[in-house]
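S.K.: For reference, the structure I am asking about is given below.
The values are calculated or read from the model by the stated rules, or taken from the named source; none is laboratory data. Since the structure is predicted, the reported quantities are computational estimates derived from the model, not experimental observations. Ideal geometry is used to build each Cβ from the backbone, glycine not excepted, and the neighbour counts take in all protein chains shown. Please note that ligands, DNA and RNA were not included when accessible areas were found on the heavy atoms of the full protein model with its side chains. Shrake-Rupley method; radii C 1.70, N 1.55, O 1.52, S 1.80 Å.
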Amino acid sequence: MVENDGRGYRQPTRRRLLQSGVLGGSALIAGCLGGGGDDEDEEPEEDPFDDGGNGNGNGNGNGNGDNESETDEPEGDAVRFTKAAHRPDFDFETAQYNLFDPNQVLSNIDPTGILYEQPVIYLESTDEFLPWVVEDWTVEEGTLELQVSEDWYWHDGDQVTAEDLGTQWQLELEVQRIQTGEEAPHNTYESVEIVDDRTLRFGLAQDFGEKAAVYPLAVYALLIVKADLGDPSYSDWLEDLQEAEGDEAEEVMTELLEWTQPEPVGNGVFQVRDVAPDQMIAEVFEDHPYSDQVEFDEYAWRQFEDPIVAFLEEQCDAVPQQLPPAEDLQGQMPEYHTINGHHTHAYTLMFNNGQYDHRNSPADPGAYEPYTQHQEVRKAFACIIDRETIASLLPAGAQVLDYPSTFITPESADDYDLEGFDMYEQDFDRAASLLESVGYSEDGGSWVDDEGEPVEPRIMTDSANDVGVPLVQGVVDDLHEFGIEAVLESVDAATFGERRTSGEYDAMYDATSATSLRDMWSIEKHEWYTTIRHGRDEYEIPSTVGDPDSEPETVNYPDLMTEWALTGNDDLIRDMAWVWNQSVHQYTITYKTDAGGVLADGWNVDGPEGLVQNRVAEFNLVKHPDGTIAPSE
C-alpha cells in the first residue's frame with residue numbers, strides 16, 4: 001500500500017474545463033464548493049475548486065428560530081449528535097441523489113459525506129491517504145489496479161463490488177466524452193475495466209506515478225453509484241451511453257442528467273431515518289464494517305440561520321466551520337474541542353496578467369490593458385502593502401504569514417527550505433525601483449506611466465464580502481500613500497463576476513483554500529486560475545531556486561506540474577513554490593483558520609492530528625478506528 005497525493009495532468013482545453021463545473025457531470029469535490037448562487041445573471045461564476053471560504057463567520061446575533069419539526073426528539077433513550085448543517089440552503093426534503101445531475105452538486109459534506117463513503121480517504125494538510133473501500137492498489141506501466149474491500153455493504157443489504165465503483169467511473173468518462181467530443185477527456189483515466197467482483201483496472205492518460213494516479217479516487221468522488229440501482233439502472237444508463245452515437249448520445253446523456261434518484265441508498269456508517277426540510281436524522285447502519293466504532297445512536301444535520309449563535313446557545317453539538325468566532329462573541333463561547341483546525345483560507349490579491357490570447361482567457365483582446373501585466377508592477381505592489389495593518393482591519397483571527405508567499409500551507413511550511421524566497425516586506429524605495437524599471441516615474445508625488453499618464457490601477461472586490469472590502473480598502477490606502485492613484489471598485493456580485501471574466505481589473509480580492517498543496521500542483525486549479533487572472537503558463541524568473549540574483553530563465557509552470565505527476569518527486573514542490581513567489585501572480589496578504597468545534601460539555605473527541613484537524617473530521621472521527629467522537633461519561 002502506497003501513500004500518495006497527486007492528480008493526473010493532461011492539458012485540458014478551456015471548453016473541457018468549463019463543462020459542468022469542472023470536467024464532467026459529477027464535479028465531486030472533497031470539501032465544500034464555493035458559495036455562489038444559482039442565478040448566473042446575479043452571481044459571479046463560481047470557482048469549481050473553492051471550498052466555500054467567504055471570510056464570514058461574524059456571529060451577528062440574528063435569531064435562529066425554533067426550527068421545530070417532527071424529527072426534533074431522539075427516539076427513546078437514543079443518544080443524538082446534532083451538527084449545524086454546512087450548507088444553509090440545502091433542502092433535505094427535496095434533495096435528490098443522482099450523481100450526474102449538474103444542478104445537484106454532491107460532495108463529501110452534508111449529508112452525503114456520511115451516507116456514502118470515499119473509496120480512499122485523503123487528509124489534505126498532512127498529505128496522507130488512508131485505505132478505505134479501496135483497500136489496496138498498484139501502479140505500473142500506465143495502469144492503476146485496485147482492490148475493493150469485501151467488507152462494505154449498501155444500505156439495502158447488497159455487497160459493494162468493483163462493478164459499482166467501475167460503473168461510476170465508466171459513466172463519468174462517457175459523460176465527459178459526450179460533453180467534450182474528445183475520446184479521452186479525463187486528465188488521469190482513459191479507461192476503466194471491471195476485472196472481477198473485487199478488482200478494477202484503470203488505463204492512465206500518462207505513465208503517472210502512484211500519487212497522481214490515485215488522487216482522483218480520494219478527492220474527486222464519493223462512491224454513490226450502485227450499478228443495479230433504479231429502473232433504468234446505472235448499468236442500463238451506461239450501456240445506452242456506450243451504444244449511442246451523435247445526437248442520440250446527447251439525448252441519452254441529457255436524460256441521465258435529468259433523472260431523479262430521490263432516495264439515498266448509501267454505504268456509509270449512517271443511513272437516513274427521518275427527513276424534514278430543515279433537518280435530517282440518520283441512524284447507525286449495523287452492517288457497516290466500522291459500525292462498532294460509533295458511540296451514539298443518531299446523527300442529525302440541522303439548519304440554523306446563524307450556526308455560530310446556535311452553537312453558542314448549545315442548540316447543536318457541533319459546527320463544521322466559522323471558528324474562532326467574531327471578536328464580540330469570543331468571550332461568550334462554551335468550551336469546545338477544535339476540529340478541522342487545519343482548514344485555512346488565504347486572503348489574497350489576484351493580479352490580472354493581461355494575457356487575453358491565453359487559451360483559457362474569456363476576455364476580448366485589448367479590452368483592458370492592466371498595469372499588472374508587468375511582473376515588476378506586481379512585485380512593487382507587494383512591496384507597498386502593509387500586511388500587518390491590513391490584518392488588523394479584518395475580522396478576528398486574520399494572521400500575517402511568517403514565511404514567504406508561495407501557496408505552501410502553514411502546516412507544511414517547515415517541511416521546505418524557503419531560504420532566499422522573497423518576503424516582500426514593505427519597502428517604498430524598492431517599489432519605486434521596480435516601477436522605474438518598466439518606465440514609470442514619480443511626478444510631483446504621483447506616479448505616471450511611460451506616456452506621462454497617471455497610474456490608476458483598478459482594485460476590485462465584491463461589496464458584500466466582509467473580508468474583501470476592508471482588505472481592498474487597506475491596499476488602496478497604501479497605494480495612495482505611495483503616490484499611486486488606485487481606484488477602489490467595491491461592486492455587486494454580478495458586476496464582480498462580469499469584470500473578472502472580461503479582465504476589467506488590475507487586482508482583485510480572492511479567498512482560496514490554504515489547507516493543502518493542491519494549488520501548487522493541480523492542473524485543473526491552474527487552468528481555472530488562468531481563466532480568471534487571464535494567463536499565464538510561462539514566467540521569466542531567476543534560474544536558481546532561492547537565489548533572486550541568479551540569471552533569469554523562462555519557466556513553464558504546467559511542465560513542472562506534469563513532471564511532478566509523472567515522477568512523484570516532491571523536490572519539485574519547492575521549484576513550483578519558487579515560481580509562485582517570484583511571479584507574484586497571486587499574493588497572500590493574510591490567512592485565517594476556519595475551524596469547526598464539538599461541545600466539550602457532553603462530548604469527547606480523540607484521534608491523531610490528521611483525523612482531528614483535517615476537513616470533515618466530524619465524519620471521519622465517528623467511523624475511523626483511530627478516531628472518536630463519543631458522549632462524555
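S.K.: Would you mind working out the magnitude of the charge dipole of the stretch 224-310 relative to its Cα centre, with +1 at each Lys and Arg C-beta and -1 at each Asp and Glu C-beta, to the nearest 20 Debye? All intermediate terms of the calculation are to be shown ahead of the outcome.
M.R.: Values: 3 positive and 25 negative charges, 119 e Å.
Approximately 580 debye in magnitude.
S.K.: How many angstrom lie between the Cα centre of the stretch 118-195 and the Cα centre of the stretch 378-429?
M.R.: Comparing the Cα centres of the stretch 118-195 and the stretch 378-429, I get a distance of 39 Å.
S.K.: Separate question: Under 12 Å from the Cβ of I629, count the other residues' Cβ atoms, weight Lys and Arg +1, Asp and Glu -1, and hand me the total.
M.R.: Details: positive: K83, K623; negative: E295, D317, D606, E618.
Neighbour charge sum, excluding I629 itself: -2.
S.K.: Would you kindly derive the ³J(HN,Hα) couplings of the stretch 280-296 from the backbone phi angles with the Karplus curve 6.51 cos²θ - 1.76 cosθ + 1.60 (θ = phi - 60°), listing them in order in whole Hz, with x for Gly and Pro?
M.R.: Listing the rounded values in order: 10, 10, 10, 10, 4, 8, 5, 8, 6, x, 10, 4, 5, 6, 7, 10, 8 Hz.
S.K.: What is the ratio of the Cα radius of gyration of the chain to 2.2 N^0.38 Å, where N is its residue count, to two decimals?
M.R.: 0.97
S.K.: Between the stretch 501-540 and the stretch 562-598, what is the separation of their alpha carbon centroids in Å?
M.R.: 12
S.K.: If every alpha-carbon in the stretch 488-620 counts as one equal scatterer, what log10 I(q)/I(0) does Debye give at q = 0.15, 0.18, 0.20, 0.21 1/Å?
M.R.: -0.93, -1.11, -1.22, -1.28
S.K.: Further question: Using every Cα-Cα pair within the stretch 156-214, state what percent have a distance larger than 20 Å. Before the final figure, lay out the partial values.
M.R.: Working: 536 of 1711 pairs.
Cα-Cα pairs of the stretch 156-214 separated by over 20 Å account for 31 percent.
S.K.: Now for a different question. Over the stretch 77-198, what percent of the accessible surface lies on carbon and sulfur atoms, probe 1.4 Å?
M.R.: Details: 1580 of 4170 Å².
That fraction is 38 percent.
S.K.: Near K623, which lysines are there with a Cα under 17 Å away, not counting those fewer than 8 places off in the same chain?
M.R.: Straight-distance partners of K623: K83.
S.K.: Starting from the Cα of K379, draw a straight line to each of the aspartates and glutamates and keep only those under 14 Å, dropping any in the same chain fewer than 8 residues away.
M.R.: Those aspartates and glutamates meeting the cut-off are D422, E425, D427, D429, E436, D506, E540.
S.K.: Using the alpha carbon gyration tensor of the stretch 183-332, what are the three equivalent-ellipsoid semi-axes (square root of 5 times each eigenvalue), largest first, in whole Å?
M.R.: Numbers: eigenvalues 297, 91, 72 Å².
Listed largest to smallest, the semi-axes of the stretch 183-332 are 39, 21, 19 Å.
S.K.: Compute from the Cα atoms of the stretch 446-496 the Rg and the Dmax, the latter being the longest Cα-Cα distance, and quote both in angstrom.
M.R.: That works out to 12.3, 37 Å for Rg and Dmax.
S.K.: At a Cα cut-off below 22 Å, give the lysines reachable from K211, other chains included and same-chain residues fewer than 8 away excluded.
M.R.: K525
S.K.: Taking the Cα centre of each part, how many Å lie between the stretch 197-269 and the stretch 469-494?
M.R.: 46
S.K.: Please compute the Kirkwood hydrodynamic radius over the stretch 78-216, one decimal place, Å, based on all pairs of different Cα atoms. Intermediate values should be presented prior to the final figure.
M.R.: Details: mean 1/r = 0.0590 Å⁻¹.
This gives a value of 16.9 Å.
S.K.: Per residue Cα convex hull volume for the stretch 392-497, in cubic angstrom? Each step should come with its number before you reach the end.
M.R.: Values: hull volume 15.2 nm³, N = 106.
It is 143 Å³ per residue.
S.K.: If you wrap the stretch 442-561's Cα atoms in a convex hull and average its projection over all directions, what's the area in nm²? Present the calculation step by step, with values, prior to reporting the outcome.
M.R.: On the way: hull surface 39.5 nm².
Approximately 9.9 nm², given one-decimal rounding.
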